[in-house]
Amino acid sequence: MDTTLEDPLVGRLLDGRYRVEARIAVGGMATVYRAVDTRLDRVLALKVMHPALAADGSFVERFIREAKSVARLAHPNVVQVFDQGTDGSYVYLAMEYVAGCTLRDVLRERGALQPRAALDILEPVLAALGAAHRAGFVHRDMKPENVLIGDDGRVKVADFGLVRSVDTVTSTTGAVLGTVSYLAPEQIEHGTADPRADVYACGVVLYEMLTGGRPHDGDSAAAVLYRHLHEDVPPPSAAVPGTARALDGLVASATARAAGTRPEDAVALLAQVREARATLSAAELDAVPPQALSAEHDNAEDRTSVIPRSMTLPRLLPVGEEDRPEGPVHRTSRLQSPPPAPRRGPVRFRPRIMTIVVAVLLVLGAGGGLWYINSGQFTKVPPLLSQTEAQARERLAGAGLDVGEVRRAFSDTVERGSVISSDPAPGARVRNNASVSLTVSRGPETVKVPDLAGYRLDKARSVLKDAGLEPGMVTRRFSAEVPRGFVIASEPVAGTQRHAGSAIALDVSKGSPVDVPDVTGEDLDAAKDDLAGAGLKAEVAGERVNSPFDAGQVAAQTPGGGGEAAEGDTVTLTLSKGPEMVEVPDVVGEHVDEAKKRLEGAGFEVEEDRGLLGLFGDTVHKQSVKGGDRAPKGSKIKITIR
């Protein structure tokens, strides 16, 4: 049964712009649809929050805030966020649509991967995470379900910075068991996550790609969590004998239980991966692990493609493990001819002869067509991705193909001078002597941080965008030299080279500091005059409070007296509604300790008067306010001791 027919959003125009075409997957937080942006006429993925979560205002606010932050993270290996909005009860994100499959699909289909394929997937994942870490983001939920592999072989990381429910780790569903398998010990024990938590998850993903299984399994989420806290991730060679020691070292470094001993972020781990890869021989990179499920289908000649083209995988953008069918997926491996129909009586000779002649002609025609197609008139574009331009030209010439237009483009993941893509793509069927266009990497695009000192904040942000950079976190501090609202400095400093799209932090002046006068206990008009004389504004809070001061006087102020504020800042004043009147306990005749305890418990300060006669006494002889009378809470009650 087609469940999309039952979905009320399918076929609807959301927010007057996005036409929902089909439901792709359902997860614990949202449902993902394939949709068409009717304004720009492009296909995209629409992630719509479940209505139960959309009713939580604080959850939606954080969801929107983090989505806007991630939308600034421009990186070729990150699934881009295009738009965010609401339509009635629907809260949605419009994201890049990736036609392909997830790493989880690949692991289900193939089991363990060859080290070359595992590293081909891991490197762009780390490049994406590295860009995020340097921009101040932490993914917090790295797992194979969030690694997308497009039909063109590009690898992208999904679900950056999106909100996760804290209590999901206590569930025992299969989806959660998959999630907890990638949590770092500090996430489990303290609930904290910094870039090293993503590094740990990537180490677990690498282990799973090399061995076909997770390092820590258990009957429940609690059992898996316990093993992450108390057991090291075993080396891949324990499950796949013969695995290179360099790969064991990568997994051990990334999955160290002590966060301080892991690489500081994904950039550092990526450097380790490239160093380790350089030490591996071709035989070590192409070793087929015993746990591989379909090694016989691998194309040994194609060492640049992430997914062998002979493998059929679902083209989905799933949200979570729970989106998968529980039963086996059946695929038809060959066409089966229908059984011959039973004969229904004698057949005359002439019609039979005609039937045979027609059949022979059809067979000859089909055979001739197949001969024409396979007779050398056509060939396939050879694997070219990640080859140097010279190697690509050599391969094309060997296949009898010409090199067409050669374009240059920036890339954070493909080395300078190597092929990013080709047109037609590798594996495409083309005529002999056809031309193949190449896109060659110019390396990562870097730009120089402009000198922003002295610019107004809005102008500085505009200059950053014009330079190909993004405004980052703004920190405000006092400055006697730089006017209020103008940039003092940037981090990194002007002249530093940074990747295009990187976030640049700004220090902005709060102006010269002024001393905040203490106006508590003053009448409102007098307090406003004092603040105005110091160059500050006054704002009165809406609610009054009880205090020792008379009604209408200032009971409290923010910021407090004696502190610093910028000229023109506002000081919030809270007015008194007078002291709270409290009944005074009668403590005459009581022991002094008991009397003090009762008076202080009622909210009064206590002053002892012993005089000469009370030096050695311990009984209350008299109290300044009679028991049963009312006095301002917080006022002082004097007791005389005899």
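For segment 264-271, state whether one or more residues are touching a Phe, Trp or Tyr at 6+ places or on another chain (Cβ under 9 Å), modelled with pLDDT of 95 or more and closer than 16 Å to residue 205 by Cβ.
no
Which count do you get for residues in segment 80-106 that are surrounded by fewer than 21 Cβ atoms within 10 Å (Cβ to Cβ) and hydrophobic (A, V, I, L, M, F, W, C)?
2
Kindly indicate the residue of segment 472-488 that is buried (at least 16 other Cβ atoms within 10 Å of the Cβ) and part of a strand (DSSP E or B) and also nearest to the chain's Cα centre (by Cα) among those meeting that condition.
472
May I ask you to list the residues in segment 418-430 that are within 39 Å of the chain's Cα centre (by Cα) and surrounded by 15 or more Cβ atoms within 10 Å (Cβ to Cβ)?
Selection gives 418, 419, 420, 421, 422, 424, 425, 426, 427.
Please state which of the following conditions residue 605 fails to meet, knowing it meets all the rest: (1) loosely packed, with under 13 Cβ neighbours inside 10 Å; (2) closer than 30 Å to residue 533 by Cβ.
All conditions are met except number (2).
Within the set of pairs 6+ apart or on separate chains, which have a first residue in segment 417-435 that is free of Cβ contacts under 8 Å to residues at least 40 places away in the same chain, a second that is surrounded by fewer than 16 Cβ atoms within 10 Å (Cβ to Cβ) and in a loop (DSSP other than H, G, I, E, B), and C-beta atoms under 7 Å apart?
Once the first residue is free of Cβ contacts under 8 Å to residues at least 40 places away in the same chain and sits in segment 417-435, its partners that are surrounded by fewer than 16 Cβ atoms within 10 Å (Cβ to Cβ) and in a loop (DSSP other than H, G, I, E, B) give 433/400.
Considering each of 495, 511 in turn, give the residue that is surrounded by 16 or more Cβ atoms within 10 Å (Cβ to Cβ) and touching a residue at least 40 places away in the same chain (Cβ under 8 Å).
Selected residue: 511, the only one of 495, 511 that is surrounded by 16 or more Cβ atoms within 10 Å (Cβ to Cβ) and touching a residue at least 40 places away in the same chain (Cβ under 8 Å).
Which one of these does residue 469 not meet: (1) over 25 Å from the mean Cα position of the chain (by Cα); (2) farther than 30 Å from residue 397 by Cα?
(1)
Which pairs turn up if I take residues in segment 386-398 that are surrounded by 15 or more Cβ atoms within 10 Å (Cβ to Cβ) and look for partners that are modelled with pLDDT of 90 or more and part of a helix (DSSP H, G or I) with beta carbon separation below 7 Å, at least 6 apart in sequence or on another chain?
These pairs meet every condition: 387/395.
Taking residue 551, is it exposed (fewer than 15 other Cβ atoms within 10 Å of the Cβ), at pLDDT 85 or above and not assigned by TED's automatic domain parsing to the domain that holds residue 477?
So residue 551 passes the test.
With respect to residue 562, determine if the residue is at pLDDT below 90, touching a Gly at 6+ places or on another chain (Cβ under 7 Å) and not aliphatic (A, V, I, L, M).
Considered against the rule, which asks whether it is at pLDDT below 90, touching a Gly at 6+ places or on another chain (Cβ under 7 Å) and not aliphatic (A, V, I, L, M), residue 562 comes out as no.
Residues that are surrounded by 20 or more Cβ atoms within 10 Å (Cβ to Cβ): list the helices (runs of 4 or more DSSP H) wholly contained in segment 221-262 that include at least 3 such residues.
Output list reads 221-230, 245-254.
Residues checked against (1) without any contact (Cβ under 8 Å) to a residue 12 or more places away in the chain; (2) within 30 Å of residue 249 (Cβ to Cβ); (3) among the hydroxyl-bearing types (Ser, Thr, Tyr); (4) assigned to a loop (DSSP other than H, G, I, E, B):
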residue: 58; (1), (2), (3), (4): yes, no, yes, no
residue: 62; (1), (2), (3), (4): no, no, no, no
residue: 67; (1), (2), (3), (4): no, no, no, no
residue: 76; (1), (2), (3), (4): no, yes, no, yes
residue: 82; (1), (2), (3), (4): no, no, no, no
residue: 86; (1), (2), (3), (4): no, no, yes, no
residue: 98; (1), (2), (3), (4): no, no, no, yes
residue: 107; (1), (2), (3), (4): no, yes, no, no
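Please indicate, with yes or no, whether at least one residue in segment 118-135 is modelled with pLDDT of 90 or more, assigned to a loop (DSSP other than H, G, I, E, B), over 25 Å from residue 12 (Cα atoms) and not hydrophobic (A, V, I, L, M, F, W, C).
No, segment 118-135 has no match at all.
So, in segment 531-575, how many residues would count as being out of contact with any Pro (no Cβ under 8 Å at 6 or more places or on another chain) and in a strand (DSSP E or B)?
Of the residues in segment 531-575, 16 are out of contact with any Pro (no Cβ under 8 Å at 6 or more places or on another chain) and in a strand (DSSP E or B).
Is it true that some residue in segment 13-32 is closer than 21 Å to residue 148 by Cα, within 15 Å of the chain's Cα centre (by Cα) and not hydrophobic (A, V, I, L, M, F, W, C)?
No, every residue in segment 13-32 fails to be closer than 21 Å to residue 148 by Cα, within 15 Å of the chain's Cα centre (by Cα) and not hydrophobic (A, V, I, L, M, F, W, C).
All but one of (1) at pLDDT 80 or above; (2) acidic (Asp, Glu); (3) under 22 Å from the mean Cα position of the chain (by Cα) hold for residue 37; state the number of the condition that does not hold.
For residue 37, the exception is condition (3).
Does residue 454 fit the bill of being more than 22 Å from residue 156 (Cβ to Cβ), outside any loop (DSSP other than H, G, I, E, B) and modelled with pLDDT of 85 or more?
No, not satisfied.
Just the residues that are touching a residue at least 24 places away in the same chain (Cβ under 8 Å) and small (Gly, Ala, Ser), please, taken from segment 17-54.
Within segment 17-54, 25, 27, 28, 30, 35, 45, 54 qualify.
Among the residues of segment 598-642, write down those that are among the hydrophobic types (A, V, I, L, M, F, W, C) and under 21 Å from residue 583 (Cα atoms).
599, 602, 604, 606, 620, 625, 631, 637, 639
The values are calculated or read from the model by the stated rules, or taken from the named source; none is laboratory data. These figures come from a predicted structure and were not determined experimentally. We place every Cβ from the backbone using ideal geometry, glycine too, and count neighbours over all the protein chains shown.
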